[in-house]
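So the structure is just underneath, and the comments pick up after that.
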Amino acid sequence: MLKLNEVGWLEKEKPLCGPMDALVRPLAVSPCTSDIHTVWEGAIGERTDMILGHEAVGEVVETGNLVKDFKKGDRVIIPAITPDWEKVESQMGFHQHAGGMLNGWKFSNVKDGVFGELFHVNQADGNMALLPPNVSVEDAVMLSDMVPTGFHGADNAHVSYGETVAVIGIGPVGLMAVAGANLRGAARIFAVGSRQICQDVAKLYGATDTVNYKDGDIVRHILDANDKKPVDKVIIAGGNLETFEQALKIVRPAGVISNVNYLGTGDFIRISRIDWGVGMGHIAITGGLMPGGRKNMEYLSNLLKYGKLDVSHLLTHRYKGFDFIETGIFLMKDKPSDLIKPVITI
Ligand code: NAD
Ligand code: ZN
C-alpha cells in the first residue's frame with residue numbers, strides 16, 4: 001500500500017464510466033507542485049493508493065450514453081478542476097467548491113488522478129474541451145492548470161490597464177500570473193523569484209522588473225524601485241505564510257492581494273493591523289482554486305490557437321513514455337535550477 005511520503009506504481013481496476021462521464025487515455029501529462037504538497041507535506045490529509053496527477057491532455061476511449069458532445073477518439077484537454085455543475089455552489093458562482101470546500105478539485109484529491117493508463121472524467125460535456133488541431137499536446141497540457149491558475153491570480157486581483165503589479169513566486173504558476181497580468185494590461189510587473197531561468201522567462205511574459213528574494217528584503221526593493229509608492233496589486237504564487245506580511249507592506253490602500261499558492265504547511269496567516277489600515281484600508285485579501293470546466297478551457301485554448309500566448313517557454317524538461325512520470329514527480333519535488341515544468345508524452 002502506498003501512503004503519504006511514498007510514490008510508486010500500482011495496479012488498479014479500470015475506472016467505471018457513468019452515463020455522463022468519459023474514460024480518457026493520457027497523451028501528455030505534467031506533474032504539479034500540488035502533487036508534491038499532497039504527497040510530501042500531507043497538505044490535504046491522509047491519502048493511500050491514490051493515483052496522482054491532474055494535468056492532462058488525452059484521447060477519449062469511452063463515453064457514457066448521455067454524453068452528447070464528445071466521442072471515442074476525440075483529443076481533449078481536461079482541466080485540473082472538474083466540478084459537479086448541477087450543485088448549488090456552482091449556481092452560486094463558486095463551482096470550485098461544489099459539494100464542499102475544494103470539492104471541484106477531484107483528480108488526485110477525492111478520486112484517482114490522471115497518471116494512469118486510463119482515467120475517469122466526471123460530467124464529460126461540462127469538463128473537457130476539444131484540443132485545437134494546431135496546438136501540441138505538450139503545450140495544451142499547460143492549459144489544465146498552469147495557465148488557468150496563474151490567470152486566476154490576475155483575475156482575482158482585477159488587474160487593469162496601466163497598473164503596477166507584483167507577482168511573488170515565479171515558478172510556472174507565477175509566470176502565468178505575470179502573463180495574465182500582462183494580457184490584462186498591467187504597465188509595470190515586478191516578478192519576484194530567485195532562479196535565473198524563471199527571471200528570464202518572466203521577462204518574456206511581460207515582467208518589467210525582476211527581484212530576487214534571496215538578495216534581501218523584497219519590500220524595500222520594490223518600494224525603492226517604485227518611487228517609494230506601493231503597488232496596485234500583489235499576486236502570490238509562491239512563498240509561505242510570511243509572504244502575506246510582505247504583500248501587505250507593498251500593496252496600496254484599496255489594493256488586492258490575490259493568492260493562488262497552495263499553503264501546504266503552517267497554521268495561521270498573520271495580518272498586520274497597521275499594514276491592513278487598522279481594519280479600514282479596503283485591502284482585499286483573496287485566495288482561490290483555479291476555475292474548472294469546459295468553457296474556460298475553450299477560451300484559454302484560443303489564446304494558444306491564435307498565437308496570443310506561448311506556453312512553450314515553461315516546458316524545460318520533455319520526456320516520452322509512461323515511466324518518466326516518476327522522473328517528472330521527483331523533478332518537481334527537487335526543483336533543479338534549470339527546471340520550470342516537465343511534460344511527459346505517452
Ligand atoms: P513552484 O514551486 O515551481 O514555484 C513557486 C516559486 O516560489 C518557486 O520558484 C520558489 O523559488 C518561489 N519562492 C519560494 N519562497 C519564496 C519567497 N519567500 N518569496 C518569493 N518566492 C518564493 O510552484 P508552481 O508550480 O509555480 O506552483 C505555485 C503554487 O501554486 C504551488 O503551491 C502550487 O501547489 C499551487 N497551485 C495552486 C493552484 C490553484 O488552483 N490555486 C493550482 C496549481 C498549483
Ligand atoms: Zn496543480
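The values are calculated or read from the model by the stated rules, or taken from the named source; none is laboratory data. All of these numbers come straight from a predicted model, not from anything done at the bench. Note: ideal-geometry Cβ built from the backbone for every residue, glycine included; neighbour counts use all protein chains shown. What goes into the accessible areas is simple: the full protein's heavy atoms, side chains included, and nothing from ligands, DNA or RNA. Shrake-Rupley method; radii C 1.70, N 1.55, O 1.52, S 1.80 Å.
Do we find that Ile257 is open to solvent by 50 Å² or more (accessible area, probe 1.4 Å) and either more than 16 Å from ligand 2 (Cβ to nearest atom) or not assigned by TED's automatic domain parsing to the domain that holds Gly239 (or both) in this structure?
Details: open to solvent by 50 Å² or more (accessible area, probe 1.4 Å): no; either more than 16 Å from ligand 2 (Cβ to nearest atom) or not assigned by TED's automatic domain parsing to the domain that holds Gly239 (or both): yes.
The answer is no for Ile257.
From the list Leu23, Leu4, Leu16, exactly one residue is in contact (Cβ under 8 Å) with a residue 40 or more places away in the chain, in contact with a Lys or Arg (Cβ under 7 Å, 6 or more places away or on another chain) and not in a helix (DSSP H, G or I). Which is it?
Step by step, each of Leu23, Leu4, Leu16 is checked, and only Leu4 is in contact (Cβ under 8 Å) with a residue 40 or more places away in the chain, in contact with a Lys or Arg (Cβ under 7 Å, 6 or more places away or on another chain) and not in a helix (DSSP H, G or I).
Regarding Val251, is this residue open to solvent by 40 Å² or more (accessible area, probe 1.4 Å), in the same structural domain as Val219 (by TED's automatic domain parsing) and more than 20 Å from the chain's Cα centre (by Cα)? Can you show your working first?
Details: open to solvent by 40 Å² or more (accessible area, probe 1.4 Å): no; in the same structural domain as Val219 (by TED's automatic domain parsing): yes; more than 20 Å from the chain's Cα centre (by Cα): yes.
In short, no.
Residue by residue through region 211-227, note down the ones that are assigned to a helix (DSSP H, G or I) and either buried (at least 16 other Cβ atoms within 10 Å of the Cβ) or touching a residue at least 24 places away in the same chain (Cβ under 8 Å) (or both).
Filtering region 211-227 for residues assigned to a helix (DSSP H, G or I) gives 213-215, 218-225.
Correct list: Tyr213, Ile218, Val219, His221, Ile222, Leu223, Ala225.
Under the condition of being of a type in the set (Gly, Ala, Ser) and surrounded by 12 or more Cβ atoms within 10 Å (Cβ to Cβ), which residue from region 273-302 is farthest from His95 (Cα to Cα)?
By that ranking, first place goes to Gly277.
Just checking, how many residues over region 258-278 are assigned to a loop (DSSP other than H, G, I, E, B), of a type in the set (Gly, Ala, Ser) and at pLDDT 95 or above?
Taking region 258-278 and keeping what is assigned to a loop (DSSP other than H, G, I, E, B), we get 260-276.
From what's left, of a type in the set (Gly, Ala, Ser): 264, 266, 272.
Within this subset, residues satisfying the condition of being at pLDDT 95 or above are 272.
Selection size over region 258-278: 1.
Taking the condition of being part of a loop (DSSP other than H, G, I, E, B) and either within 16 Å of ligand 1 (Cβ to nearest atom) or modelled with pLDDT under 95 (or both), how many residues in region 51-86 meet it? Step through it out loud before you land on a result.
Looking only at region 51-86, we keep the residues that are part of a loop (DSSP other than H, G, I, E, B), and these are 51-55, 64-74, 79-86.
Pick out the ones that are also either within 16 Å of ligand 1 (Cβ to nearest atom) or modelled with pLDDT under 95 (or both) and you get 52-55, 79-83.
The qualifying residues number 9.
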